[in-house]
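J.: Pasting a structure here, questions to come.
Nothing in this text is a laboratory measurement; each read-out follows from the coordinates by a stated rule. Not measured: the values here are computed from a predicted model. Heads up, the Cβs are rebuilt from the backbone with ideal geometry, glycines too, and the neighbour counts pull from every protein chain shown.
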Amino acid sequence: MNNELKTELNSVKLQVFFEGQFWIGVFERLYDGKLSVCRVIFGPEPKDYEILEFILENYYNVRFSPAVESDVVVKEKINPKRLQRDIKKQVQNVEIGTKSQQALKLLQEENKFIRKIRTREQKEEEKEFQFELKKQKRKEKHKGR
C-alpha cells in the first residue's frame, strides 16, 4: 500500500477591494478541489509593490479557513498575453459602484462645467471693464485736463 502525501496546489487568487474605511485583500486557495480563504486588512490603499512584498513575506504566515469542498473547476492554462489583455480591460473598466454615487459624480461634473462658464464670463467682463477705464483715461488726457 502506497500512501503518498499529495501536496499539489492548484491555484491561489488575491482580490483587493475597498470596504468601508479600509482596503481588504481576500486570498482564495484551491487545493485538491477544496477551497480555503483568508482575509487580510491592508489599511490605506496598497501599491502593487506593497502587495507583492506582502505576499512574498507573509503568505506562509496567513491563516486560511478550514478547507471546504468546492465545485470550482480550474481553467486550462491561458495564454499570458491574453491574460494581460484581460487584466488591462478589467482595470480600465473600473466604474463607480452605486447608482447614487454615479448620480453624484454626474452632478459634480455639471457643476464643474457651470463654474467654468461663470469664471470665463467674469474674466471677460473684467477685461472689458479695464479696457473701458483705459479708454476713459485716454479721453481725459486728450482733453488736456
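J.: Based only on other Cβ atoms within 10 Å, what is the fewest-to-most ordering of Ser36, Ser100, Ser11?
T.: Ser100, Ser11, Ser36
J.: Within 10 Å of each candidate Cβ there may be at most 13 other Cβ atoms; applying that plus a DSSP loop requirement, which trypsin sites (Lys or Arg not before Pro) in segment 33-142 survive?
T.: Lys47, Arg63, Lys75, Lys77
J.: Okay, next question. Compute the FRET efficiency between Leu56 and Ile78 as 1/(1 + (r/R0)^6), taking r as their Cβ-Cβ distance and R0 = 22 Å, and round to the nearest 0.05.
T.: It comes out at approximately 0.40.
J.: Given 0.36 nm per residue, what is the gain on full extension from Lys116 to Ser11 after removing their alpha carbon distance, in nm?
T.: Computed gain between Lys116 and Ser11 is 32.7 nm.
J.: Need one number: nm distance between label points at Phe131 and Ser100, each 7 Å from Cα along Cα→Cβ, rounded to one decimal.
T.: 4.9
J.: At a Förster distance of 25 Å, what's the computed FRET efficiency of Val37 paired with Gln90, Cβ-Cβ distance as r, to 0.05?
T.: Calculated transfer efficiency: 0.75.
J.: Hey, another quick one. Using the eigenvalues of the Cα gyration tensor, what equivalent ellipsoid semi-axes result for segment 98-145 when each is taken as the square root of five times the eigenvalue, whole Å, largest first?
T.: 46, 4, 4
J.: What relative contact order, as a whole-number percentage, does segment 9-94 give when Cα pairs under 8 Å and 6 or more residues apart are counted?
T.: 23
J.: Just want the answer: with Cβ charges of +1 for Lys and Arg and -1 for Asp and Glu, which residue in Ala103, Phe113, Leu133 is farthest toward the dipole's positive end in segment 98-145?
T.: Highest projection toward the positive end goes to Leu133.
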